[in-house]
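The values are calculated or read from the model by the stated rules, or taken from the named source; none is laboratory data. Keep in mind it's a predicted model, so treat the numbers as computed, not measured. Cβ: placed from backbone, ideal geometry, glycine included. Neighbour counts: every protein chain shown.
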């Protein structure tokens, strides 16, 4: 007796499309479904119909690797895969039979094998679709297991194995290193300053940021490394045989290689909030590490002294030059005055006073002689001899008066007048007085500059003295191992994301 299995009543096509439309799919998802349907040669009327048909065929319309996952491998594994498919079909037939109504299940022949299909019998479309979906799900599960195994293999090779090697190095091979920490400040000798905002910022003893940065740069330079090598044998200390190869310096290493080791093992930082320079020196031996720190602090102190001394010299240089120029001007003015005084052989002012006194006397005598002459001429019968004598004396007195006047205002042969000589001497005296004032001002400025320069003196004070440690500081085994794991994991994640993005760009 033939048994007709009636499939459950399914939804209409329009209802399925309406249900898909209510899912709120994006335009990108619909385009992907359209492309996948075109690749599978599925005829569709719309993007939603393409989604319906793909789902009915057991294909994920939004999976980019759908084509690769649905390829059926061929070759030696074909019999096993066919057997797996047959088992899946049998299981799905059992499920479909179990879901039939009770009266239909009871009408099945009791002799029929429910675990196998009757030869020549074709399952219903619903059962066939369930079988295909089951096969696809099993294939997807196998692929997921394979991809997960590949993922763990890549993680072991690119992350776990390098981390294991780094941990083995830190725990077994790395040479213990001792770090000596110290701290010092660069301060001003005088913290006094004037009023106002500029002095508020620059008048304190902690306003030495530039000097602290200069000291930090010097301690991190090749000059400091070479000086430490000359004084303490920095290269020889890191060339010892018991140091591991990664931290050991080659016997014939260049200064550049030694400088890289120096920068790695001498760490210096400046804290602008506190004005302190913190230094950490790493060495194989704790005593040597403390000695390195003390010598570097001595180098820093010498550098601070040199910087402050240069500042003082620059400040005093202009003041000293101004004082020397004022002294030279005063000397020249004094030489000019002495030359003028030597040329006159007398005091021009005294000589002028004498000439003026003589002129006054001559003028008085001339007036007296004129009175006498007028007296004689007023007589009816004047004495001719006396009149002539008075006239002769009057002429001589007037001639002498003219001579004395010319001495004051006119220059003689080869010499200047007394007025000119007096004016030159007065100008020379004024120049000498001006030069004296300039020299006094320059001397006072020099004294003030010296006081200001003394206030600008910098000195280095050690707030934390270097003390040799009693146990190794480096390597930090656990922290470095965890850091290695994070670094390798980050590198792997970066390359994985990059390759995924590239594959997505190529596939679209």
Would you mention how many residues in region 340-362 are modelled with pLDDT of 75 or more and either closer than 16 Å to residue 428 by Cα or buried (at least 16 other Cβ atoms within 10 Å of the Cβ) (or both)?
-> 2
May I ask you to say which residue of 481, 462 is modelled with pLDDT of 85 or more, more than 30 Å from residue 152 (Cβ to Cβ) and either outside any helix (DSSP H, G or I) or in contact with a helix residue (DSSP H, G or I) (Cβ under 8 Å, 6 or more places away or on another chain) (or both)?
-> 462
Of all residues in region 278-292 being within 11 Å of residue 265 (Cα to Cα) and out of contact with any helix residue (DSSP H, G or I) (no Cβ under 8 Å at 6 or more places or on another chain), which is surrounded by the most Cβ atoms within 10 Å (Cβ to Cβ)?
-> 289
The listed residue being within 23 Å of residue 463 (Cα to Cα), surrounded by fewer than 17 Cβ atoms within 10 Å (Cβ to Cβ) and either out of contact with any strand residue (DSSP E or B) (no Cβ under 7 Å at 6 or more places or on another chain) or outside the structural domain of residue 461 (by TED's automatic domain parsing) (or both), out of 217, 250 | 217
Could you give me the residue pairs with C-beta distances under 6 Å whose first residue belongs to region 425-454 and is not assigned by TED's automatic domain parsing to the domain that holds residue 335 and surrounded by 16 or more Cβ atoms within 10 Å (Cβ to Cβ), whose second residue is part of a helix (DSSP H, G or I) and modelled with pLDDT under 85 wherever it lies, and which are 6+ apart or on separate chains?
-> none
Go through region 248-271 and give me each residue that's part of a loop (DSSP other than H, G, I, E, B) and touching a helix residue (DSSP H, G or I) at 6+ places or on another chain (Cβ under 6 Å).
-> 249
